[in-house]
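See structure below.
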Amino acid sequence: MKKVAVFGNAGGGKSTLSKRLSQITGLPLHILDKIQFQSGGAEVPHEDYKRAHQQILVNERWIIDGFGCMETLWQRLNEADTLVFVDLPLYVHGWWVTKRFITGYFKPPEGWPQNSPILRSSLTSYRVLWLCHKYLTPKYREYIKQAQSIKSVYHLRSTKEISQFIELIETGASA
């Protein structure tokens, strides 16, 4: 496990999982939302984002958390040796987006750029939920099915499986 892509629908706990994974493994963590968006929520120029993404990919060790854009998504998944697909039921993603929206007024959400607009970003997450579930999640599922023979793949479908995955990595790191 040297190049890890953590991906899935909005509100699935990817940033929290990625942070914990980085703490356990010592792999450097790169959060795409913090690369793609500036403090305050303004998007960086697309070419600047793609260049920063490419600079991460050429490193020997990384964890990359998030979506970015379609072009960089597939590059990242192809480059990774380990895929962590957070694929919870849609209602869980929806509930966690709501929870993040409410608590975001008191504590900035994990993995978000500083001073991100909570309302606007949450509304975007709600729009993404259904679109990702309908169009991208089936492609993710097909991709990991194909990749299982050449990569380490963790398809996490419940909060229990997320906890078990963390325990597995902790056990392996301490062995």
Determine, yes or no, whether G12 is open to solvent by less than 50 Å² (accessible area, probe 1.4 Å), within 19 Å of G104 (Cα to Cα), in contact with a Ser or Thr (Cβ under 6 Å, 6 or more places away or on another chain) and in contact (Cβ under 8 Å) with a residue 12 or more places away in the chain.
-> no
Taking region 151-172, which residues are farther than 19 Å from K2 by Cα, of a type in the set (G, A, S) and part of a helix (DSSP H, G or I)?
-> S163
Only listed residue being among the aliphatic types (A, V, I, L, M), at pLDDT 95 or above and out of contact with any Cys (no Cβ under 7 Å at 6 or more places or on another chain), chosen from I118, I162, I102 | I162
Give S125, S152, S163 a once-over and let me know the one that is touching a helix residue (DSSP H, G or I) at 6+ places or on another chain (Cβ under 8 Å) and among the hydroxyl-bearing types (S, T, Y).
-> S125
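The values are calculated or read from the model by the stated rules, or taken from the named source; none is laboratory data. Nothing here was measured: the structure is a model prediction, and the numbers come from that model. Cβ: placed from backbone, ideal geometry, glycine included. Neighbour counts: every protein chain shown. Accessible surface is based on the protein model in full, side chains and every heavy atom, while ligands, DNA and RNA are left aside. Shrake-Rupley method; radii C 1.70, N 1.55, O 1.52, S 1.80 Å.
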